[in-house]
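K.L.:
I'd like to ask some things about the structure below.
The values are calculated or read from the model by the stated rules, or taken from the named source; none is laboratory data. Bear in mind the structure is a predicted one, so any value in this text is a computation, not a measurement. Neighbour counts run over all protein chains shown; Cβ positions are idealised from the backbone, glycine included.
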Amino acid sequence: MDEMAFGGAGILAALAGGESNTPEFDIPLLVITGPTASGKTGLAISLARKFGFELVGADSMQVYRGMDIGTDTPTAAQLNGVVHHLIDVVNPNEEFDAALFATMADAVIADIHKRGKRALVVGGTGLYLRVLLKGLQSGPPPNPELRAELNEKAKRDGWPSLHAQLKIMDPDAFERLHPNDGVRIVRAMEVYLQTGTPLSEWQQQHGFSKKRYPHLVIGIQRPKEELNMRINARVEEMFKEGLVDEVRALLQQGYDSSFKPMQALGYKPVNEFLEETISLEEAIETTKTTTRRFAKRQRTWFKKEEDIIWIPPNEEALIEAAIDWLPR
């Protein structure tokens, strides 16, 4: 990720550049992001404790109740009094997407601001951050008949088969979407089959040009090899902390292994282990591999977000300088 590093010069340029258009909400936001295992949450907690921020999560998995170990949701002990919004807000069988996230985040941020506090947004789900800061992309409305047809095809042939077809229809979507991310695969195929234009081109044409909030986005950068080592260590720790028991408890509560969150990183291999189709060692190694691949997709996404300023995790002083951008 060295090609994305701007450091202190990038922060100074961002602070000097001002806003290119009038934002929808006049509430400045500082955002900490980066790939999984980069250390963004720990840094955000440290800054929140030091400067009185309330954290607003931007993680598509930490929103689910009962899925804390596999999503690395910060514990009460780690937060130690720091307020963290938008974690554990829906059940694993409930629908949740970027639009709902933005609606909930808007309400939380407005409340924080009304109480005279400041919000610090932290998370690595790039689409959630994009929608929060720049709005929803344009595109044709959903087509229920086409969606039903694609979902039926997926039941027959499997999601990886549909994902492979995206390589011709929308190479960008093919690269960034997981082969089992059924919701987004269907949306990408739906847009292309209706219009002949890839969803990525719809997004580029829309441009997300309207700033919803004045914002400064700082990304935590680590060398690829170091990040992979941290991912491997985190996965080992998750299994030691009881990831298998967490999944078993979710199943006992009636959350089927076919539910979307239960197909996510870590959870799908553990389900396969509990179904006795793979060994525990295979579940651990599969989780490491899929998480490293996920981090790669995150880096690919972030490269296209031109307003992220990348710094090493130990440059807290630079972030403290950036905090002066926010009104006291």
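K.L.:
If I ask for residues that are aromatic (Phe, Trp, Tyr) and in a helix (DSSP H, G or I), which ones from the range 73-126 would you list?
P.N.:
Selection gives Phe101 alone.
K.L.:
Considering Pro214, Pro223, which residue is within 24 Å of Ile309 (Cα to Cα), surrounded by 15 or more Cβ atoms within 10 Å (Cβ to Cβ) and out of contact with any helix residue (DSSP H, G or I) (no Cβ under 7 Å at 6 or more places or on another chain)?
P.N.:
The unique qualifying residue is Pro214.
K.L.:
Next up: Is it the case that the range 284-307 has a residue that's over 30 Å from Asp172 (Cβ atoms) and of a type outside the set (Ser, Thr, Tyr)?
P.N.:
Looking through the range 284-307, at least one residue is over 30 Å from Asp172 (Cβ atoms) and of a type outside the set (Ser, Thr, Tyr).
K.L.:
Still on this model: Go through the range 142-172 and give me each residue that's of a type outside the set (Asp, Glu) and in contact with a Pro (Cβ under 7 Å, 6 or more places away or on another chain).
P.N.:
Residues satisfying the conditions are Trp159, Pro160, His163, Met169.
K.L.:
Here's something else I'd like to know. When you check Val56 against the structure, is it outside any helix (DSSP H, G or I), aliphatic (A, V, I, L, M) and over 18 Å from the mean Cα position of the chain (by Cα), yes or no?
P.N.:
Considered against the rule, which asks whether it is outside any helix (DSSP H, G or I), aliphatic (A, V, I, L, M) and over 18 Å from the mean Cα position of the chain (by Cα), Val56 comes out as no.
K.L.:
Tell me which residues, restricted to the range 51-94, are without any contact (Cβ under 8 Å) to a residue 12 or more places away in the chain and either in contact with a Lys or Arg (Cβ under 6 Å, 6 or more places away or on another chain) or among the charged types (D, E, K, R) (or both).
P.N.:
Matches in the range 51-94: Glu94 only.
K.L.:
Restricting the search to the range 23-40, which residues are among the hydrophobic types (A, V, I, L, M, F, W, C) and either over 22 Å from the mean Cα position of the chain (by Cα) or surrounded by fewer than 22 Cβ atoms within 10 Å (Cβ to Cβ) (or both)?
P.N.:
Passing the criteria: Phe25, Ile27.
K.L.:
Being at pLDDT 95 or above, buried (at least 18 other Cβ atoms within 10 Å of the Cβ), in contact with a Gly (Cβ under 7 Å, 6 or more places away or on another chain) and aromatic (Phe, Trp, Tyr): is that true of Tyr267 here?
P.N.:
It is true that Tyr267 is at pLDDT 95 or above, buried (at least 18 other Cβ atoms within 10 Å of the Cβ), in contact with a Gly (Cβ under 7 Å, 6 or more places away or on another chain) and aromatic (Phe, Trp, Tyr).
Okay, residues lined up against (1) assigned by TED's automatic domain parsing to the domain that holds Glu306; (2) among the hydroxyl-bearing types (Ser, Thr, Tyr); (3) more than 25 Å from Thr103 (Cα to Cα); (4) assigned to a helix (DSSP H, G or I):
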site	(1), (2), (3), (4)
Tyr128	yes, yes, no, yes
Glu149	no, no, yes, yes
Lys155	no, no, yes, yes
Pro160	no, no, yes, yes
His163	no, no, yes, yes
Lys167	no, no, yes, yes
Asn180	no, no, yes, no
